Ligand code: PA5
C-alpha cells in the first residue's frame with residue numbers, strides 16, 4: 001500500500017482537462033519562482049530544505065531535553081501561539097490516546113487570553129511536577145508573554161529560582177529579542193527558531209519538535225517522512241501531486257469556489273486541520289484575495305453542517321483526508337433482538353461503516369455541487385505526519401504564488417495588535433488610543 005495518494009476523479013465534473021492543464025502551467029511558473037528562490041518572501045524559504053538541512057546537534061539536544069523533561073515532570077507546559085503552537089499541538093493530538101493520559105501530559109497554554117483557563121491550569125499544576133517550554137520567535141507576543149510571566153512565577157515559587165531555571169526551556173530567535181535576553185540572563189537552555197523559517201512553516205524546527213519529542217513521538221520518523229516528501233515534491237512535473245493540488249485549488253477559486261473544507265473521518269485529525277488552516281489562511285489571505293480554509297469532522301458534522309455543504313450556497317470544495325487503516329478496528333456485534341435493526345452490519349467492522357459513510361458522502365456532495373478531492377494516507381504515523389506536513393507546505397507556497405500573493409508574510413496580523421495595545425494604554429500608542437476612544 002502506498003503511504004500517500006491523491007485522488008481527483010471527482011473534480012472532473014467541475015473542471016475540464018483544458019482548465020486544469022492551463023492552471024497547471026501557471027503552477028509550474030510558481031514552481032520555478034519557488035525553486036529559484038527569487039520570489040517574494042524569499043528570505044523565508046528555510047523550510048524548503050529543512051528536512052535535510054536541519055541543525056543535527058540541536059536535534060540531539062532536543063531528544064536529550066525531552067528525555068530530561070520526561071524523567072522529572074508529569075506535565076510539559078508548551079507556551080506559544082499561532083505558528084509557535086499549532087504544529088506541535090496538532091501532532092500531539094494525532095498520537096495521544098483518546099482517553100487516559102500518558103506518563104507525560106503536554107498542555108498548551110498562552111494561545112488565548114482566557115483568565116479562567118490559566119486559573120484552572122494553576123490549580124491543576126499544584127500537585128504536578130512540571131517544566132515549561134516557552135516558544136516565541138519575537139519574544140514579545142502578548143498571549144504567551146502573559147502566560148509565561150504567570151507560570152514562571154508559579155514555577156519559581158514551587159521549586160525555587162535555581163531549580164526553576166533547569167525546568168524552563170526557551171525556543172526563540174538565535175540572537176535577538178526579549179526572550180533571548182531573558183534566557184541568557186537566567187541561563188535557560190535555548191533552542192532556535194531559524195531566521196528564515198516563518199511561524200506557520202516551523203513545525204519541523206525546535207518550535208514543534210521539542211514538545212513533540214516530549215510526547216514520545218518519533219521525531220526521526222517525522223523527519224524521514226518530510227525528507228521523502230521533499231524528494232518527491234521538488235520535481236517539476238504536472239503529475240506532481242503538490243502541483244495538481246495547487247492547480248485545482250486555484251482553478252476552483254477562479255470559478256467562485258472560495259471556501260475549502262479539510263474533511264476528516266477520524267477525530268484525532270481535528271487539530272491537524274487547525275494547523276492547515278493557519279498555513280493556508282495566513283499564506284493566502286492577502287490583497288483581498290484567497291480561499292477561506294475551513295474544516296469539518298465527519299460524520300459528526302454531517303449532522304450539523306452537512307445540510308449547508310449539500311445544499312447551501314455553492315462555494316465550497318472539499319479535500320478529504322482518508323486514513324486507510326485505523327489504529328484499531330471493532331467488529332459490529334450480533335444482537336438477538338435486533339431492535340435497532342443493525343444485524344445487517346454483523347460481520348462488518350466499524351471502520352467499514354466509516355468508509356461507507358465517506359463514500360456515500362463524497363457521492364452526495366459531488367452530486368450536490370461540491371467538488372471533492374481525496375488524500376489517502378495509509379495510516380496515522382509519525383512518518384506520514386512528516387510527509388503530509390511537507391506536502392501541504394510545498395503546495396501552499398505554490399498555490400499562494402499562483403494567486404499572486406507573497407506566501408511568507410502576514411501584514412494583516414498586526415492590525416488587531418495595534419488597537420489592543422492602544423486600548424491597553426501601552427506607551428507609544430497614545431495617538432491611536434485617542435482616535436479609538438473618540439470613535440466609541
Ligand atoms: O505564523 C506566524 O508568524 C504567527 O502565527 C506567529 O507564529 C505567532 O504570531 C507567534 O509569534 P511569536 O513566535 O513571535 O510569538
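Among the residues of region 344-355, just one is outside any helix (DSSP H, G or I) and within 23 Å of residue 301 (Cα to Cα), namely 349. Taking the numbered list (1) in contact with a strand residue (DSSP E or B) (Cβ under 9 Å, 6 or more places away or on another chain); (2) not in a helix (DSSP H, G or I) in turn, residue 229 passes all entries but (2). In the set (1) surrounded by fewer than 19 Cβ atoms within 10 Å (Cβ to Cβ); (2) farther than 30 Å from residue 280 by Cα; (3) out of contact with any strand residue (DSSP E or B) (no Cβ under 7 Å at 6 or more places or on another chain), the condition left unmet by residue 189 is number (3). With respect to the stated conditions, residue 361 fails to be crowded, with 20+ Cβ neighbours inside 10 Å and in a loop (DSSP other than H, G, I, E, B). Considering only region 2-41, how many residues are closer than 21 Å to residue 389 by Cβ and free of Cβ contacts under 8 Å to residues at least 40 places away in the same chain? Total satisfying the criteria: 1.
In region 321-343, is there at least one residue being outside any helix (DSSP H, G or I), within 30 Å of residue 24 (Cα to Cα) and touching a helix residue (DSSP H, G or I) at 6+ places or on another chain (Cβ under 7 Å)?
Taking region 321-343 and keeping what is outside any helix (DSSP H, G or I), we get 321-342.
Right, trim to within 30 Å of residue 24 (Cα to Cα) and you get 321-324.
Right, trim to touching a helix residue (DSSP H, G or I) at 6+ places or on another chain (Cβ under 7 Å) and you get 321-322.
Within region 321-343, one or more residues are outside any helix (DSSP H, G or I), within 30 Å of residue 24 (Cα to Cα) and touching a helix residue (DSSP H, G or I) at 6+ places or on another chain (Cβ under 7 Å).
Taken together, the criteria place residue 307 among residues that are modelled with pLDDT of 95 or more, away from the ligand (no atom under 16 Å from the Cβ) and assigned to a helix (DSSP H, G or I). Scanning region 394-440 for residues that are surrounded by 13 or more Cβ atoms within 10 Å (Cβ to Cβ), under 30 Å from residue 32 (Cβ atoms) and at pLDDT below 95 yields a count of 2.
In the set (1) at pLDDT below 95; (2) within 21 Å of residue 65 (Cα to Cα), the condition left unmet by residue 185 is number (1).
Where helices (runs of 4 or more DSSP H) fall wholly inside region 140-209, the ranges with 1 or more residues that are within 12 Å of the ligand (Cβ to nearest atom) and in contact (Cβ under 8 Å) with a residue 12 or more places away in the chain are 142-159, 178-186. Among the residues of region 274-302, the ones that are surrounded by fewer than 21 Cβ atoms within 10 Å (Cβ to Cβ), touching a residue at least 60 places away in the same chain (Cβ under 8 Å) and within 20 Å of the chain's Cα centre (by Cα) come to 5 in all. Give all pairs with beta carbons closer than 6 Å in which a residue from region 81-93 that is within 12 Å of residue 276 (Cα to Cα) meets a residue that is within 10 Å of the ligand (Cβ to nearest atom); count only pairs at least 6 apart in sequence or on separate chains. The qualifying pairs are 82/199; 83/199; 83/200; 83/202; 86/278.
The values are calculated or read from the model by the stated rules, or taken from the named source; none is laboratory data. It should be emphasised that the depicted structure is a prediction, and the values quoted were computed from it without experimental measurement. So basically every Cβ, Gly included, is an ideal-geometry build from the backbone, and we count neighbours across all protein chains shown.
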